[in-house]
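The values are calculated or read from the model by the stated rules, or taken from the named source; none is laboratory data. Bear in mind the structure is a predicted one, so any value in this text is a computation, not a measurement. Here the Cβ is made from the backbone with ideal geometry for all residues, glycine too, and neighbour counts use every protein chain on show.
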Amino acid sequence: MKIESQQKIALAVWGNIISPVFDSTRMALIAEIKDGKVASSHQEWLGPELPYARALRLSGWDIRVLICGAISVGFARTIEVYGIEVIPFMSGNVQEVLDAYLNGTLTTDTFHMPGFGMRRRNRFRGGRR
């Protein structure tokens, strides 16, 4: 996972944790990353939209990466069509997950949802695994 020097990422949130299911989450933390650090962050309402509308909203915010919990294949593929990398099946405290993303340790098993280790992370890319 390559972190660009300047980018915006979204984390699906529920309170102060990563939302367990992206499809039903209503809020996202938007973090603007500059030179490997969070320059600014704020929460945005995702609403109950269907995959296309939600992907369009993320794209409109110039999001490059979405970090979330469980996500349906339909949502993930639609979001990826807009050029947004989906990092699914993550769990934990939002700030700890964001810090792990920034320091390159998010892909360790520490933040994976139970039952979703490294082998399943990219399951939406190129068919079944």
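Can you pull out the residues in segment 46-65 that are assigned to a helix (DSSP H, G or I) and over 12 Å from ALA12 (Cβ atoms)?
Of all residues in segment 46-65, those assigned to a helix (DSSP H, G or I) come to 51-60.
PRO51, TYR52, ALA53, ALA55, LEU56, ARG57, SER59, GLY60 - these are the residues of segment 46-65 that are assigned to a helix (DSSP H, G or I) and over 12 Å from ALA12 (Cβ atoms).
Taking the numbered list (1) on the phi > 0 side of the Ramachandran plot; (2) without any contact (Cβ under 8 Å) to a residue 40 or more places away in the chain; (3) surrounded by fewer than 18 Cβ atoms within 10 Å (Cβ to Cβ) in turn, PHE89 passes all entries but (3). Taken over segment 1-45, the criterion of being over 18 Å from GLY83 (Cα atoms), touching a residue at least 40 places away in the same chain (Cβ under 8 Å) and outside any strand (DSSP E or B) is satisfied by ASN16, SER19, PRO20, ASP23, THR25, GLY36. The numbered conditions (1) among the hydrophobic types (A, V, I, L, M, F, W, C); (2) modelled with pLDDT of 95 or more; (3) surrounded by 20 or more Cβ atoms within 10 Å (Cβ to Cβ) are all true for VAL38 except (3).
Restricting the first member to segment 96-116 and to residues that are more than 13 Å from ILE67 (Cβ to Cβ) and charged (D, E, K, R), and the second to residues that are modelled with pLDDT under 90 and not in a helix (DSSP H, G or I), the beta-carbon pairs closer than 7 Å and six or more apart or on different chains are ASP109/GLY117.
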